[in-house]
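The structure appears below as structure tokens.
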Amino acid sequence: MPRQLFVTTALPYANGHFHIGHIMEYIQADIWVRFQRMQGHQVHFVGADDAHGAPIMIAAQKVGKTPQQFVADIAAGRKPYLDGFHISFDHWSSTDSPENHELAQAIYRALKAEGLITVRPVEQMFDPEKGMFLADRFVKGECPKCGAKDQYGDSCEVCGAVYAPTELKNPYSALSGATPVLKTSDHHFFKLSDPRCFEFLQQWTQDGKLQSGVAKKIKEWFTKDENGEGGLGDWDISRDAPYFGIEIPDAPGKYFYVWLDAPIGYLASLKSYFAAGGPLQKYGEARSFDEFMADPSVEQVHFIGKDITYFHTLFWPAMLKFSGRKLPNQVNVHGFMTVNNGEKMSKSRGTGLDPLKYLSIGMNPEWLRYYIAAKIGRAHV
């Protein structure tokens, strides 16, 4: 019997054009999707722009645009990259879509009804020169776990640790360079430390849905050290105005942290695709989005980079589980393209490659597709 597959890649942040890391992941997923279709399976391959957050809000202000227009202009430039490397998404959407607003708020309400949302005051980084609270990515400093320099305020690109911006050593504002001060604000938390979440994730992450090396790494995140630190902590899912994002229901001036609504964008893009009649036209699929997702035989498959493993293997499945939704069947994790003896290739650090330059000098896209297919880690079949 043909399989029914819902496949995604990580959503690119809509503050710039695709870099070579995006193309690597899309090629991996595209090859996997093509293989499944060759076997006669029904595959819905969707993507979207990750459109929210303070970085986009501030970038839009700098060029005199609304955040919506800024994101739309970035999205308009996606096609040459995808066509140039023979990458065929069925549908492309945005996390600022009506579908994502609706789904994010519905999932939040379901988690709240389960007693998994709590509100408590937090000390937060505030830029005294800009006069605003700093989102995680606008605080930089040294990783509190491994000491790596120039790391963002939410996670370390070197050791993979996830932490609060207030834990950074020698922090500074990425906007002004000023040393942030601490101010108190009420924040909403998803109670990942709840025993229900802990027990579910211990089982879900170790039952074969992940590559063995990834599953082994995740085990470390459940364990507290000799000082009682580590383990699963509650997740801060709110940000203060001014912020470009989705408003938290019944919480004026509070918005969902971008990492709460970004993965929900997978579902929103598929819902938009169903609403546009794509599955009906391609496969004769007459069911609605809700009917399709309620089918237990439908498989949900994600392709991501290792730097966002924590979000996709802990927060995301827990959000889905306790809001009563389908869980991922696979999360395929790949490593980085590296330079300088293992340093992650990074657009922000000036070591990224422009995929369109590869094409403009006459290089065959099939060469890169073959190279990536030969070198990248094996995905589940």
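Residues in the stretch 126-148 that are in contact with a Gly (Cβ under 8 Å, 6 or more places away or on another chain) and at pLDDT 90 or above: 3 in all.
Report, by residue number, each residue of the stretch 239-258 that is part of a strand (DSSP E or B) and at pLDDT below 95.
Answer for the stretch 239-258, where residues must be part of a strand (DSSP E or B) and at pLDDT below 95: ARG239, ASP240.
Within the span defined as the stretch 31-48, one or more residues are modelled with pLDDT of 95 or more, surrounded by 22 or more Cβ atoms within 10 Å (Cβ to Cβ), in contact with a Lys or Arg (Cβ under 6 Å, 6 or more places away or on another chain) and among the β-branched types (Val, Ile, Thr).
Residues that are crowded, with 21+ Cβ neighbours inside 10 Å, in contact with a helix residue (DSSP H, G or I) (Cβ under 8 Å, 6 or more places away or on another chain) and among the aromatic types (Phe, Trp, Tyr): list the strands (runs of 3 or more DSSP E) wholly contained in the stretch 79-156 that include at least 1 such residues. Explain how you work it out, then say what you get.
Details: elements: 91-94, 117-127, 139-142.
Correct list: empty, since no element meets the threshold.
Once the stretch 3-30 is narrowed to residues that are part of a loop (DSSP other than H, G, I, E, B), at pLDDT 95 or above and not small (Gly, Ala, Ser), the residue that is nearest to the chain's Cα centre (by Cα) is LEU11.
Among the residues of the stretch 179-190, is there at least one that is more than 26 Å from LYS326 (Cβ to Cβ), part of a loop (DSSP other than H, G, I, E, B) and not aromatic (Phe, Trp, Tyr)?
Checking the stretch 179-190: at least one residue is more than 26 Å from LYS326 (Cβ to Cβ), part of a loop (DSSP other than H, G, I, E, B) and not aromatic (Phe, Trp, Tyr).
Pairs are defined by a Cβ separation below 7 Å, a sequence spacing of at least 6 or placement on different chains, a first member in the stretch 189-217 that is basic (Lys, Arg), and a second member that is assigned to a loop (DSSP other than H, G, I, E, B); the pairs so defined are LYS191/LEU116; LYS191/ASP234; LYS209/PRO328; LYS209/ASN329. Could you tell me which residue of the stretch 198-220 is nearest to PHE322 (Cα to Cα), considering only residues that are in contact with a helix residue (DSSP H, G or I) (Cβ under 6 Å, 6 or more places away or on another chain) and part of a loop (DSSP other than H, G, I, E, B)? Result: THR205. For the stretch 285-338, a residue qualifies if it is of a type outside the set (Ser, Thr, Tyr), assigned to a loop (DSSP other than H, G, I, E, B), at pLDDT 95 or above and more than 18 Å from GLN203 (Cα to Cα), and the qualifying residues are GLU285, ALA286, ARG287, ALA294, ASP295, PRO296. Filter the stretch 52-77 down to the residues that are under 15 Å from PHE18 (Cβ atoms) and not in a helix (DSSP H, G or I) and list them by number. Residue satisfying the conditions is GLY77 alone. The single condition among (1) within 25 Å of the chain's Cα centre (by Cα); (2) under 18 Å from GLY21 (Cβ atoms); (3) assigned to a loop (DSSP other than H, G, I, E, B) that MET363 does not meet is (1).
Looking at the stretch 118-148 only, could you name the residues that are more than 22 Å from ASP234 (Cα to Cα) and small (Gly, Ala, Ser)? Answer for the stretch 118-148, where residues must be more than 22 Å from ASP234 (Cα to Cα) and small (Gly, Ala, Ser): GLY131, GLY141, GLY147, ALA148.
The values are calculated or read from the model by the stated rules, or taken from the named source; none is laboratory data. The model shown is predicted, which means the values in this text are computed figures rather than measured ones. When we count neighbours, we look across all protein chains shown, and the Cβ atoms used for this are built from the backbone with ideal geometry, even at glycine.
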